[in-house]
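Please treat every number below as a calculation from the coordinates, not as lab data. The shown structure was predicted, so the numbers you read here are calculated from the model rather than taken from an experiment. Cβ: placed from backbone, ideal geometry, glycine included. Neighbour counts: every protein chain shown.
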Amino acid sequence: MERDWLDYTGYVFNVLATSAGLFGLFLAIKAYRVGVQAYEVSAESYRVAKEQGRKTFELSLLTELNSELSRVTNNKEWQGPGSLPKFNSMIYSVLLTFPRGELPLWDLIARSGQSDKYLNEVRDNPRVKVYLSKAREGKKTFSLTASVVFSLFDEVHEAMRNRIE
């Protein structure tokens, strides 16, 4: 049987079509890999954006706590040298947004409400003890209230630093 030019042309087209199909398959695999990488980058960007949004929200709440503490300190809204500062009820709801134990002195003050029954627990707080020990050493004169206020400022500022770093 003789082969004519039509048979040879058919073979060439079959080879070209197979080559084009394989090339298309190669491109599809490459596009799939690029798509997977783009998805991973997108997912990471979403995670980072979500984390940044949370940090920004928490920083604004910490700023609120700082402002409230400054307001209470400036207005001298406590009863005497042995009493605790009195905050508005908003403080407790703000504290619920933070992980438990991150602002332990704030939690304790918010739980105490208008009563001084938590005074011993406040005195046992490590930050308050530092300020009270400075007062005992004669370096500075800090009352319990001043020690608590300075400790509350320290807690807020440390929490802010943790979110900025």
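Details
- Footprinting exposure proxy for Glu102, Glu58 (fewest neighbouring C-beta atoms within 10 Å first): Glu102, Glu58
- In terms of the mean number of neighbouring beta-carbon atoms within 10 Å, the peptides 154-164, 21-31 order highest first as 154-164, 21-31.
- A simple spin-label model places the labels of Leu22 and Lys134 7.8 nm from each other, with each point 7 Å out along Cα-to-Cβ.
- With one equal scatterer per alpha carbon and no solvent term, the Debye-computed log10 I(q)/I(0) for region 32-74 at 0.17, 0.21, 0.33 1/Å reads -0.59, -0.70, -0.97.
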